[in-house]
Amino acid sequence: MPIIHFLKNRPPMTVDSDANLMSSLLEKGVPVASSCRGDGVCCKCLIEVVAGNQNLSPETERELFLREKYAFGKSARVSCQVKVLNDITIDASYW
Ligand code: FES
């Protein structure tokens, strides 16, 4: 099962393979900014992937659209649009 490591302030957590990143974090009580609740509209759920971006599902059409619209960095992913396939290390400015 994939392990999500946090760059700071939180212990690692295990998630089911293919689990949605944003849902997994929320289920374990880790706050994720959002105003569209995972509909892939607001782009507030961006998470910085410090290591293991290759262990996340490829970008969907929706994520590519948001990336173009909001021009966020390559290491950031739209967490509501991403599945966790293997171990990653992540961060958010508000953690
Ligand atoms: S929660 Fe709005 S785009 Fe992810």
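Can you find a residue that is surrounded by fewer than 18 Cβ atoms within 10 Å (Cβ to Cβ), charged (D, E, K, R) and touching a His at 6+ places or on another chain (Cβ under 9 Å) anywhere in segment 84-93? Within segment 84-93 (the criterion being surrounded by fewer than 18 Cβ atoms within 10 Å (Cβ to Cβ), charged (D, E, K, R) and touching a His at 6+ places or on another chain (Cβ under 9 Å)), the answer is yes, since at least one residue qualifies. Among the residues of segment 84-94, none qualifies, meaning not one is aromatic (Phe, Trp, Tyr), over 11 Å from the mean Cα position of the chain (by Cα) and not in a loop (DSSP other than H, G, I, E, B).
Residue 26 passes every criterion in (1) surrounded by 14 or more Cβ atoms within 10 Å (Cβ to Cβ); (2) touching an Asp or Glu at 6+ places or on another chain (Cβ under 9 Å) apart from (2). When 63, 59, 48 are checked against the criterion of being within 24 Å of residue 16 (Cα to Cα), at pLDDT 95 or above and open to solvent by less than 30 Å² (accessible area, probe 1.4 Å), 63 stands alone in meeting it.
The residues on offer are 53, 9, and the sole one that is open to solvent by 40 Å² or more (accessible area, probe 1.4 Å), at pLDDT 95 or above and of a type in the set (S, T, N, Q) is 53. If you go through segment 23-36 and keep only what is more than 6 Å from the ligand (Cβ to nearest atom) and not acidic (Asp, Glu), you end up with 23, 24, 25, 26, 28, 29, 30, 31, 32, 33, 35. When residue 40 is tested against the conditions (1) part of a loop (DSSP other than H, G, I, E, B); (2) more than 15 Å from the ligand (Cβ to nearest atom); (3) open to solvent by less than 20 Å² (accessible area, probe 1.4 Å), the lone failure is (2).
Within this structure, residue 20 passes the test of being polar (S, T, N, Q), in contact with a Lys or Arg (Cβ under 9 Å, 6 or more places away or on another chain), at pLDDT 95 or above and at negative phi. When 89, 60 are screened for being among the hydroxyl-bearing types (Ser, Thr, Tyr) and within 15 Å of the ligand (Cβ to nearest atom), only 60 passes.
The values are calculated or read from the model by the stated rules, or taken from the named source; none is laboratory data. The shown structure was predicted, so the numbers you read here are calculated from the model rather than taken from an experiment. We place every Cβ from the backbone using ideal geometry, glycine too, and count neighbours over all the protein chains shown. These accessible areas exclude ligands, DNA and RNA; they are computed on the full protein's heavy atoms, side chains included. Shrake-Rupley method; radii C 1.70, N 1.55, O 1.52, S 1.80 Å.
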